[in-house]
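The values are calculated or read from the model by the stated rules, or taken from the named source; none is laboratory data. This one's a predicted model, so the numbers in the text were calculated from it and none came from an experiment. Glycine also receives a Cβ, built like all others from the backbone with ideal geometry; neighbour counts cover every protein chain displayed.
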């Protein structure tokens, strides 16, 4: 269980595992992001069941950590998902994948995202990982510079293939 205080120039925040009552705030962070919104992430009532199902699957999987950063009053300010991926490559290295990093728009450029990523990298050994990786949409040029400042190297080209849903 993650429960850690991150100290930022503007004050402290709590980084903890997301709870079901955080789901609306997390979906709001996704919807507030133009790229996520263009992929269909919106805070629509008709999507609630799908988000609840996804949250339950993530929460039940020990390889997943859906985290939120909150104010000391409990207000959700940011989120990220960590996934532990065992592998054979790199002499059986385990990877810690960072996904869906979102910081509330009024909280950006205050050090929160960097503190969250640095925490994940520093704690990678506790997750059993020898490598931390992430992907970032090609359109997120500012995010790429941010990740490079944090020590990440743009070493791969990623590909995605949408799979039709079966009703």
Yes or no: residue 68 in contact with a helix residue (DSSP H, G or I) (Cβ under 6 Å, 6 or more places away or on another chain) and either farther than 25 Å from residue 158 by Cα or modelled with pLDDT under 90 (or both)? yes
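Going by the conditions given, is residue 153 without any contact (Cβ under 8 Å) to a residue 40 or more places away in the chain and either within 20 Å of residue 82 (Cα to Cα) or not in a loop (DSSP other than H, G, I, E, B) (or both)?
Values: without any contact (Cβ under 8 Å) to a residue 40 or more places away in the chain: yes; either within 20 Å of residue 82 (Cα to Cα) or not in a loop (DSSP other than H, G, I, E, B) (or both): yes.
When the stated conditions are applied, residue 153 passes them.
Would you mention how many residues in the range 46-76 are in a strand (DSSP E or B) and touching a residue at least 24 places away in the same chain (Cβ under 8 Å)? Talk me through it step by step, then tell me what you get.
Step one: list which residues in the range 46-76 are in a strand (DSSP E or B), which gives 64-70, 76.
Subset that is touching a residue at least 24 places away in the same chain (Cβ under 8 Å): 65-70, 76.
Residues flagged as in a strand (DSSP E or B) and touching a residue at least 24 places away in the same chain (Cβ under 8 Å) within the range 46-76 amount to 7.
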Condition check: surrounded by 12 or more Cβ atoms within 10 Å (Cβ to Cβ), out of contact with any strand residue (DSSP E or B) (no Cβ under 7 Å at 6 or more places or on another chain), within 27 Å of residue 37 (Cβ to Cβ) and at pLDDT below 95. Does residue 136 satisfy that? yes
Selection from the range 15-45 of residues that are free of Cβ contacts under 8 Å to residues at least 60 places away in the same chain and part of a strand (DSSP E or B): 16, 17
Applying the selection to the range 82-112, what residues are more than 13 Å from residue 69 (Cβ to Cβ) and in a loop (DSSP other than H, G, I, E, B)? 86, 87, 88, 93, 94, 109
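I'm trying to understand the selection: among the residues of the range 87-108, which are over 30 Å from residue 31 (Cβ atoms), touching a residue at least 12 places away in the same chain (Cβ under 8 Å) and loosely packed, with under 13 Cβ neighbours inside 10 Å? Can you show your working first?
To start, the set of residues in the range 87-108 that are over 30 Å from residue 31 (Cβ atoms) comprises 87-94.
Subset that is touching a residue at least 12 places away in the same chain (Cβ under 8 Å): 90, 93-94.
Within the range 87-108, just 90 meets the criteria.
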Any hit, the range 116-132, residues being surrounded by fewer than 17 Cβ atoms within 10 Å (Cβ to Cβ), in contact with a helix residue (DSSP H, G or I) (Cβ under 8 Å, 6 or more places away or on another chain) and in a loop (DSSP other than H, G, I, E, B): yes
